[in-house]
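S.K.: Have a look at this one before I ask anything.
Throughout, read-outs are computed from the coordinates displayed, never taken from laboratory work. Quick caveat, the model's predicted, so the values are computed rather than measured. Quick reminder, even Gly has a Cβ in these numbers, built from the backbone with ideal geometry, and neighbours come from all protein chains shown.
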Amino acid sequence: MAPRGALSLLAAVLVIAVCPAAFAADAGEYTFTVLKDGRPVGRHRFAFECQGDRIEIEEATTIEVRLAMIPIYAFEHRAHQIWENGRAVLIDATTNDNGEKLDIAVRPNGEGYIRTVNGRVDTFDESTAVLAFWNQDTLRHHAFFSVVEDKVLDATFRFVGQEEIVLPGGRLDADHYRMAGDEERDLWFDRAGRVVKVAFRRHGSQLEYVRDQIRTGECEAACTTTC
């Protein structure tokens, strides 16, 4: 049976928030395939709409693991996000992790954030960021809070090297980074600084998110400043 949290941690990686500079188009969407030991078990869909320095995001993740055609694990996540000038001004998210349900809301609080988890209120200062691997600028942070799980994480990152990643649409050059600390993950970013792949092991299984598109929508510009 898939252990609780093994796949939800994977979903937490791909809560994607985007700075408007990284998405030149007014609107678009792209998807990731979720793999467990190389076998597809779910999908993550990300849709965005931009207006100047404001971006509105709708995302959905669905994961189902079966054993002999019998469902043994299910995960669903839905989120509505609004970001302005690279900061979250509204996040409303719901997660059902195999029956364990979370309602999470995030609002700005001065230079930090207030996160509400099933009615409990947490306050974070500017040193703690939303866990949102949307480009390589994220790697400069060391403390995060999740909007998928009831978690706060400390982490550091190191550059591993440049690699070629095989996607459904072809091959893509990517920068490989390794995250260490409260969670260990490998992350790949394309030359525009957008996440291409995330991988890690949990309870003996290899878990991966792999982007389905070579190019994310119609967008070309990269976010090269702090967002």
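S.K.: Local charge sum around Ile57 (other residues, Cβ-Cβ under 13 Å, Lys/Arg +1, Asp/Glu -1)?
M.R.: Local charge sum for Ile57: -4.
S.K.: At R0 = 22 Å, how high is the FRET efficiency between Glu64 and Arg201 if r is their beta carbon distance? Nearest 0.05 is fine.
M.R.: 0.60
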